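Remarks on the structure that follows.
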Amino acid sequence: MIVRVLENLSYPEARYLLIARKEHMNKEKDLVKSIERDFNVVFIPIENLTEGTACTVLYARKYINNNEPLLIANSDQIVDINIEDFVIDCIKRDLDGSILTFIDKYKDPKWSFAKIDDRGMLIEVKEKVVISKKLLKSLIEKENFLSNIVTLNVDGKPQKFPKAASLVWLKIPYMLKP
């Protein structure tokens with residue numbers, strides 16, 4: 001599945017940071033070698049489960065350059081769009097971030113939901129609480145992560161990822177949920 005996701009997220013000159021449980025990497029050594037051979041990838045092994053996406057991504061903090069776009073995606077979901085178009089749209093519109101959404105006519109509370117304003121801008125996200133007909137696709141593209149879409153101020157100062165996520169995680173329970 002991970003190879004299919006990497007193919008689905010194809011972007012020119014992309015570097016992929018794959019954060020994986022060390023035990024899984026040890027069990028799948030041939031697959032890890034194949035992925036390293038076929039993709040511009042850095043594997044980041046972790047020992048245990050984390051508190052959520054933001055905590056997991058913090059393991060990659062030394063590889064994150066806040067001057068370059070950052071895309072965060074789950075390893076088990078395929079999107080039915082051209083990812084390059086998605087990133088280019090975010091850059092062209094000078095967005096600090098963008099989150100893919102979809103509509104579930106049943107509004108199943110197993111999903112996370114996004115409330116969108118009249119301009120199409122995200123104003124609220126709730127996990128497993130129906131607040132709109134828009135559901136979140138587990139994929140985020142953010143240049144200067146956690147800024148306009150979710151303005152994050154810590155002690156009155158705007159912060160960038162990963163510092164912002166680190167500070168929030170230390171201060172309050174927080175889980176990034178695209």
Subject >> Packing-based exposure ordering (other Cβ within 10 Å, fewest first) of Arg119, Arg93 >> reply: Arg119, Arg93
**OP:** Note the full-extension length gain between Arg37 and Asp89 as 0.36 nm times their separation in residues minus their Cα-Cα distance, in nm to one decimal.
**Re:** 15.7 nm
Original post:
How are the Cα pair distances of region 56-104 distributed, in percent, across 5 Å bins from 0?
Top reply: 4, 14, 25, 24, 20, 10, 2, 0
Original post:
How high is the FRET efficiency from Leu49 to Ser132, r the C-beta distance, R0 35 Å, rounded to 0.05?
Top reply: 0.75
Original post:
Given labels modelled 7 Å from the Cα in the Cβ direction, how far is it in nm from Arg61 to Asn82?
Top reply: 3.7
Original post:
In region 30-115, if every C-alpha pair distance is counted and binned at 10 Å from zero, what percent goes to each bin?
Top reply: 11, 35, 40, 15, 1
Original post:
Exposure proxy check: Phe39, Phe102 ranked by fewest other beta carbons within 10 Å?
Top reply: Phe102, Phe39
Original post:
Between Tyr11 and Arg119, what length in nm is gained on full extension when 0.36 nm per residue of separation is reduced by their alpha carbon distance?
Top reply: 36.1 nm
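Taken together, the values in this text are just the output of simple stated rules run on the coordinates, not laboratory data. Just so it is clear, the structure is predicted and the values come from calculations on it, not from any experiment. All Cβ positions, even for glycine, are placed from backbone atoms using ideal geometry, and neighbour counts span all protein chains on display.
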